[in-house]
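What follows is a set of notes on a single structure, which appears directly below.
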Amino acid sequence: MNKAALSNFLRKIGLIYLADLIWFRFQKLKHRKANKLFKIKYPEVKLPPDYLIFESFQMHYHNYYIEGRDSAQWLIDHIKRHIDLKDKKILDWGCGPARIIRHLPELIANNCSYYGTDYNADSINWCKENLKGINFNLNKLEAQLPYDNDYFDVIYGLSIFTHLSEKMHFDWFNELYRVLKPGGIMFVTTQGDNYISKLTDEELDEYNKGNIIVRGKVKEGHRTYSAFHPKEFMHKMTAKTQILEHIERKPEGAWVPQDIWILKK
């Protein structure tokens, strides 16, 4: 049984959460020494609870914080090709435990203001208590944000559409479009053609027809809820924006990169 079939089988029999919890425990044990050394080397760094780190990325403090900073700079480098990051309002949609946004005030400065929103109450509560100078908001799964129309200059969502149903793709895209200023930039990542090897034969057939593939039967938005995005579907969803860039990066070893979509309202 391949990984795709196993994943779908575990969902069907209701054991996907247990499998994910076992994986979390394994990762925590595997990286225990490295994480201990990180805390000794960086005692000043505030770290979220372990499961929040795992749920948003990996159970590895260095990857959360140091590589998080590198990823923040990588994001900035992409976005500033299309907009001057000065006096801008920037939204991290699906910020989780702030792996990216915690670094932006230092890396960008330029009198920008920063906002993070997420449906995970534990993540938002931790962010509010530990990270200052950033405006955090707890949203619901439903596509409703407490911001005015045309409010943000930049919105980014890293691997957020990858955990939503087809309906929520369109609902959330429309909501993000609503709060994005005309001329504003939206940056999102998706599981595109690099991920077709992870699909079952039935899923691949639908994917090749341009249909989104959604593996549900778990809580929507959770890391185990997964969606795969053919280009035809993304063009349909983003039709009212201008696609500035669609970047398909090549896999390197075990690293399978998501597609990058940079859009303009």
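The values are calculated or read from the model by the stated rules, or taken from the named source; none is laboratory data. Since the structure is predicted, the reported quantities are computational estimates derived from the model, not experimental observations. Using ideal geometry, Cβ is built from the backbone for each residue, glycine included, and neighbour counts are taken over all protein chains shown.
Couple of notes before you dig in:
- Scanning the stretch 215-259 for residues being crowded, with 19+ Cβ neighbours inside 10 Å and part of a strand (DSSP E or B) gives a total of 5.
Yes/no per residue for (1) at pLDDT 90 or above; (2) not acidic (Asp, Glu):
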{"site": "ASN8", "(1), (2)": "no, yes"}
{"site": "HIS31", "(1), (2)": "yes, yes"}
{"site": "LYS36", "(1), (2)": "yes, yes"}
{"site": "LYS41", "(1), (2)": "yes, yes"}
{"site": "TYR65", "(1), (2)": "yes, yes"}
{"site": "ASP77", "(1), (2)": "yes, no"}
{"site": "TRP93", "(1), (2)": "yes, yes"}
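- Of all residues making up the stretch 53-79, the number that are over 19 Å from ILE260 (Cβ atoms) and either touching a Gly at 6+ places or on another chain (Cβ under 6 Å) or not in a helix (DSSP H, G or I) (or both): 3
- Of all residues in the stretch 189-206 being under 16 Å from SER165 (Cβ atoms) and touching a residue at least 12 places away in the same chain (Cβ under 8 Å), the one that is surrounded by the fewest Cβ atoms within 10 Å (Cβ to Cβ): GLU203
- Index of the failed condition, PRO97 passing every other in (1) assigned to a loop (DSSP other than H, G, I, E, B); (2) over 14 Å from LEU176 (Cα atoms); (3) free of Cβ contacts under 8 Å to residues at least 24 places away in the same chain: (3)
- The numbered conditions (1) among the acidic types (Asp, Glu); (2) in contact with a Lys or Arg (Cβ under 9 Å, 6 or more places away or on another chain); (3) closer than 19 Å to ILE53 by Cα are all true for GLU106 except (3).
Okay, residues lined up against (1) among the β-branched types (Val, Ile, Thr); (2) surrounded by 14 or more Cβ atoms within 10 Å (Cβ to Cβ); (3) under 24 Å from ASN120 (Cα atoms):
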position: LEU21; (1), (2), (3): no, no, yes
position: ARG25; (1), (2), (3): no, no, yes
position: LYS28; (1), (2), (3): no, yes, yes
position: ARG69; (1), (2), (3): no, yes, yes
position: TRP74; (1), (2), (3): no, no, no
position: ASP87; (1), (2), (3): no, no, no
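- Screening LEU180 with (1) over 19 Å from the mean Cα position of the chain (by Cα); (2) buried (at least 20 other Cβ atoms within 10 Å of the Cβ); (3) farther than 20 Å from HIS163 by Cβ gives one miss only, at (1).
- Exactly one residue out of ILE90, ILE83 is part of a loop (DSSP other than H, G, I, E, B), touching a residue at least 40 places away in the same chain (Cβ under 8 Å) and closer than 30 Å to HIS246 by Cβ: that is ILE83.
- Selected residue (only one of ASN139, ASN125, ASN110 is polar (S, T, N, Q) and modelled with pLDDT under 95): ASN110
- Filtered by the rule that a residue be charged (D, E, K, R) and assigned to a loop (DSSP other than H, G, I, E, B), the stretch 113-167 gives LYS132, LYS140, GLU142, ASP148, ASP150.
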